[in-house]
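Notes to accompany the following structure.
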Amino acid sequence: MDADDTLRPRFVVQIHDARRMHFDFRLEVDGVLKSWAVPRGPSENPSDRRLAVPTEDHPLEYREFEGVIPHGEYGSGTVIVWDQGTYRPLSHDRQGVAVPFDESLALGHATFWLHGAKLHGEFALTRFRVGDEENGVGQEAWLLIKANDRLAVRDRPGSPDPYHARSARTGRTLHQVTAAARGVDG
Ligand code: MN
């Protein structure tokens, strides 16, 4: 960690073994964690286009959460921090002028460089469907795609198997976190 790391916005990717297994991709923006549920997880392979469905903003402290959300609560199931780190906003307009990151998200296309324990390099989040559930248009939907940069993976699948993936914080699998919580509960 260099001194700059404390100034850069954070990101976290949690694996959430809820009713449906998914990854939660979260970027710190203006004091909250902007969040997307990514069913198949982020991929380091630029040929993978990963569906990312916006979910509610989370408080910054949630980036450290790893454990079991009790049965009966919203999102019940086990969570591990699969990756964590900082990011550098890269969004710019067609003239190459930098666009504030929150503005780029509002416009539906944001690019950023991840400095994670696992994920590295440029990624883009692009909105392809503007949701309007009341009018039957469905949920807002985005794609999370790795840029074709020098850090891209091309010769193998770019996403982890959530059942075998390990926490970037504690090295534990979902199974181990679940078992540890059961131990405490008796
Ligand atoms: Mn979740």
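Springs between alpha-carbon pairs under 10 angstrom, Gaussian network model over the chain: which of GLN14, GLN95, GLN176 fluctuates most? Sorting by GNM fluctuation, first place goes to GLN95. Looking only at ALA141, ALA98, ALA165, which one moves most when the chain is put into a Gaussian network model with springs between Cα atoms under 10 Å? Taking springs between Cα atoms under 10 Å, the residue moving most is ALA98.
Model label points for ALA37 and LEU51, set 7 angstrom from Cα along the Cα-to-Cβ axis, are 1.1 nm apart.
Build a GNM of the chain with springs between Cα atoms under 10 Å apart, and of PRO39, PRO100, PRO162 the one that fluctuates most is PRO100. Taking a ≥ b ≥ c as the square roots of the eigenvalues of the Cα gyration tensor of region 1-145, is the shape rounded (a/c under 1.5), prolate (a/b larger than b/c) or oblate? The shape class here is oblate.
The angle between the Cα long axis of helix 174-185 and the longest principal axis of the Cα atoms of the chain comes to about 40 degrees, rounded to the nearest 10.
Annotation note: GluC sites (Glu not before Pro) in region 27-88 located in DSSP loop regions with a Cβ neighbour count of at most 16 within 10 Å are GLU73. In the chain, the calculated helix contribution to ellipticity at 222 nm averages -3000 deg cm²/dmol per residue, counting -39,500 (n - 2.57) for every DSSP H run with n ≥ 4. Computed over region 1-72, relative contact order equals 23 percent, with contacts defined as Cα pairs under 8 Å that lie 6+ residues apart. For the chain, what is the relative contact order in percent, using Cα pairs closer than 8 Å and at least 6 residues apart in sequence? So the answer I get is 23 percent. Of the chymotrypsin sites (Phe, Trp or Tyr not before Pro) found in region 30-104, the ones in coil according to DSSP and having at most 12 other Cβ atoms within 10 Å of their Cβ are TYR74. The value of relative contact order for region 69-178, using C-alpha pairs under 8 Å at least six residues apart, is 24 percent. Rolling a 1.4 Å probe across the protein heavy atoms gives region 3-180 an accessible surface of 54 Å² per residue. Here the accessible area of region 3-180 is 50 percent carbon and sulfur, with a 1.4 angstrom probe and all protein chains present. Among LEU143, GLY116, ASN45, whose Cα projects farthest towards the positive end of the dipole of region 38-186, with charges put on the beta-carbon of Lys, Arg (+1) and Asp, Glu (-1)? Projecting each Cα onto the dipole axis, the largest value belongs to ASN45.
The values are calculated or read from the model by the stated rules, or taken from the named source; none is laboratory data. All of these numbers come straight from a predicted model, not from anything done at the bench. Backbone-built Cβ (ideal geometry, glycine too); neighbour counts: all protein chains shown. To get the accessible areas, we keep the full protein, side chains included, count just its heavy atoms, and leave off ligands, DNA and RNA. Shrake-Rupley method; radii C 1.70, N 1.55, O 1.52, S 1.80 Å.
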